[in-house]
Amino acid sequence: MTHPKLAPWVVVACTAAFGLALTTRDLFNPWLTNAGAAAAALALSVLVLGPRLRALLAFRLPSALLAAGFGALLVAATHASYLAATALFPALETEVGALYRDIEPKLPGVTTALVTTLIVAAEELLWRGVSVEVLARRLSRLGVFVGAVALYAIPQVIGGSWILVATALALGALLTAQRLRTGRLTEPLITHVIWSVSIFYALPLV
């Protein structure tokens, strides 16, 4: 990393910024506040990672195709799990519907998909990039995994939605496992974009 001493502070500051964006979603358009936090996180992560980014974003076609397939499978699994969960707990549908209303885009056309992609890119560079690099200097592989997943969930905890916390823990575990297995950000980035654009824009749950 270019600025290893700055990296932990970037993680703390940007995690807090995302948490603030989520906790104020009743007051401001959450897509715009999250986009602002994402722009800052993206810039700071690029600054901190520096030349390391080239290796982290290396492209391998077979692995990228697997990541895309995994993203599509994850979208299907999310819908199937939601249908099963609402059959057992009908009140969940009301809660998820309210959550979608809270984060209703209010953005024109495909702008939602583009903003989602920006946010996802920032999240990957911050929590699967900078955070993993920082934690790997101090912890075992298991410690890095647990720490990175926990850090990813913190903004959702601040935001106060147990549904988003559970989602962040599950999704964060899968994406962090991808990052540690491949040693790159490319694969979790592809998977994450496909899942997020689908669930929040193209194929919402409700």
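I need the P(r) histogram for segment 63-206: all alpha carbon pairs, bin width 5 Å from 0 out to the longest distance, whole percents.
In order of increasing distance, the bins hold 2, 10, 17, 22, 21, 16, 9, 4, 1, 0 percent.
Have a look at THR182, TRP127, GLY19 and report the one farthest towards the positive end of the charge dipole of the chain, computed about the Cα centre with Cβ charges (Lys/Arg +1, Asp/Glu -1).
The residue sitting farthest along the positive end of the dipole is THR182.
Remind me, relative contact order of the chain in percent, using alpha carbon pairs under 8 angstrom and six or more residues apart? Mind dumping the intermediate values first?
Working: 234 pairs, mean separation 72.5, N = 206.
Averaging sequence separation for qualifying contacts and normalising by length gives 35 percent for the chain.
Just to confirm the number: angle between the C-alpha axis of helix 30-49 and the first principal axis of the chain, 0 to 90 degrees, nearest 10?
The angle comes out near 10 degrees.
Enumerate by residue number the chymotrypsin sites (Phe, Trp or Tyr not before Pro) in segment 86-151 meeting two conditions: DSSP loop (anything except H, G, I, E, B), and at most 14 other Cβ atoms within 10 Å of the site's Cβ.
Details: sites: TYR100, TRP127, PHE145; in loops: none.
In loop regions of segment 86-151 (DSSP not H, G, I, E or B), there are no sparsely surrounded chymotrypsin sites (Phe, Trp or Tyr not before Pro).
Can you give the helix-only mean residue ellipticity at 222 nm for the chain, where every DSSP H stretch with n ≥ 4 adds -39500 (n - 2.57) and the sum goes over all residues, rounded to the nearest 500 deg cm²/dmol?
-24500 deg cm²/dmol
Could you tell me which chymotrypsin sites (Phe, Trp or Tyr not before Pro) in segment 1-69 are loop residues by DSSP with no more than 13 other beta carbons within 10 angstrom of their beta carbon?
Sites meeting the loop and neighbour criteria: PHE28, PHE59.
Can you sort TYR152, TYR82 from fewest to most other Cβ atoms within 10 Å of each residue's own Cβ?
TYR82, TYR152
With point charges of +1 on the Cβ of Lys and Arg and -1 on the Cβ of Asp and Glu, referenced to the Cα centre of segment 62-206, which listed residue (THR116, VAL146, ALA67) lies farthest in the positive direction of the dipole?
Sorting the options by dipole projection puts first VAL146.
What list of ³J(HN,Hα) values in whole Hz, one per residue of segment 159-173 in order, does the Karplus curve 6.51 cos²θ - 1.76 cosθ + 1.60 (θ = phi - 60°) give from phi, with Gly and Pro shown as x?
x, x, 9, 5, 5, 5, 5, 4, 5, 5, 5, 5, 5, x, 5
List the residues of segment 114-139 whose backbone N lies under 14 Å from a point placed 7 Å from the Cα of ARG52 along the Cα-to-Cβ direction.
125-139
For the pair ASP26/ALA166, report the inter-label distance in nm, with labels modelled 7 Å from Cα in the Cβ direction.
Rounded to a tenth, the inter-label distance reads 2.2 nm.
Have a look at LEU42, LEU73, LEU142 and tell me which one the Gaussian network model of the chain (Cα, springs below 10 Å) gives the largest fluctuation.
Per the Cα network of the chain with a 10 Å cutoff, LEU142 tops the list.
Could you give the angle, 0 to 90 degrees to the nearest 10, between helix 91-102's Cα long axis and the longest principal axis of the Cα atoms of the chain?
In the chain, helix 91-102 runs at an angle near 60 degrees to the longest axis.
Each reported figure results from applying straightforward, stated rules to the coordinates on display, with no laboratory input. For clarity, every value in this text was computed on a predicted model and none was experimentally measured. Positions of Cβ are backbone-derived with ideal geometry, glycine not excepted, and every protein chain shown enters the neighbour counts.
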